[in-house]
Amino acid sequence: MPYIDVNGRRIHYQEAGSAEPEQRTILFVHGAGGSSEKWQDQLSKLTGRLIAVDLPGHGKSEGKAQDSVAAYREFVWEFSQALGLSKFVLVGHSMGGGITLDFALHHAEVLEGMVVADSGARLKVNPETLAVLAEGKHSVGNVKYMFALNTPAQVLEQAARDMEQVPPPVYLADFQACDRFNILDQVKNIKVPTLILCGQDDLMTLPKFSEYLHQEIADSHFVIIPNAGHMAMLEQPEIVNQAIAEFVGAL
């Protein structure tokens, strides 16, 4: 698995697909407490040069988790430049979607398009969740809100176990970054072609948040993912992959 130095940090990423000139490059950014592992269904099925990064302090990357979306935005910029990416499609989930939106406001010149999944222009976090994490505990009670209503119990149990593998300070920093993020009055300035995806049963970033993005971003497409909650790319990978493939193919 490849690593690259980004400002003195050893950053891990996964790469798949083809780097042929006629193929587009797609860079995937995970959400709070996540890693590049969340994109396995996309890395294994989509075409193009596919890159999924572990943000600092996440997965196998060195560094500390950041407490602002702006800091993560600049890291993604630095990472893309370290890889020599001149043009690419940026895909972000949840917090990664916020990072993607903010990236489009500051570095649009390198974006051919972007995909925002289960996210929004404002990502408020329940104060109780922040309080639990500040005590050094995991907020595993949130797991049930991450998936569709009919998700089997064993899937939720595995998600809770996965969450417990991530140090609470990482979640705390990420959720603080989300809680401070608010670009409601700037979204209309985004001029990048955009695909907006949202799970039909998403209880964490409600479909109305995605609808707002669609209303404000002039060149945008909005797709509701049926039988999916906040983790649409894991719950309905075939539908998500088809939407991404059609969007990228039309750029």
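Bear in mind these aren't lab numbers, they're just calculated from the coordinates by the rules spelled out. In this text, all values refer to a predicted model and were calculated from it rather than measured experimentally. Here the Cβ is made from the backbone with ideal geometry for all residues, glycine too, and neighbour counts use every protein chain on show.
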Taking 2.2 N^0.38 Å as the expected size of a compact globular protein, what ratio does the Cα radius of gyration of the stretch 186-233 give against it, to two decimals? 1.13
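So, by mean Cβ neighbours within 10 angstrom, what's the order for 53-64, 6-17, 142-153 with the highest one leading?
On the way: 53-64: 20.8, 6-17: 17.5, 142-153: 15.9.
Per-residue Cβ counts within 10 Å, averaged per peptide and sorted highest first, yield 53-64, 6-17, 142-153.
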Taking a quarter of the surface of the convex hull around the Cα atoms of the chain, what do you get in nm²? 12.0
Just for the Cα atoms in the stretch 1-148, what are the lengths along the principal axes, largest first, rounded to whole Å? 49, 36, 29
Considering the Cα trace of the stretch 98-246, what is its radius of gyration and what is Dmax, both in angstroms? 15.8, 44
Here the gain from full extension of Leu105 to Asn227, 0.36 nm per residue of separation minus their alpha-carbon distance, amounts to 40.8 nm
Taking Cys198, Cys178 and counting other beta carbon atoms within 10 angstrom, the fewest-first order is Cys178, Cys198
Step through the residues of the stretch 44-54 one at a time and calculate ³J(HN,Hα) from phi using the Karplus curve (6.51 cos²θ - 1.76 cosθ + 1.60, θ = phi - 60°), rounding each to whole Hz and writing x for Gly and Pro. 8, 10, 7, 10, x, 8, 10, 10, 10, 9, 8
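How big, on average over all directions, is the shadow cast by the Cα convex hull of the stretch 154-197, in nm²? Walk me through the numbers before you get to the answer.
Numbers: hull surface 20.2 nm².
Result: 5.0 nm².
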Round to a whole angstrom and tell me the spacing of the C-alpha centers of the stretch 1-72 and the stretch 189-224. 22
Can you tell me the Rg and the Dmax, both Å, for the Cα atoms in the stretch 48-122? 11.7, 32
Counting each pair of different Cα atoms once, what's the Kirkwood radius of the stretch 103-154 in Å, rounded to one decimal? 14.5
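Considering the convex hull of the alpha carbon atoms of the stretch 5-54, report its projected area averaged over all viewing directions, in nm², one decimal.
Mean orientational projected area (the stretch 5-54, Cα hull): 3.9 nm².
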Rank-order 186-194, 119-127 by packing density, defined as the average count of other C-beta atoms within 10 Å over each peptide's residues, highest first. 119-127, 186-194
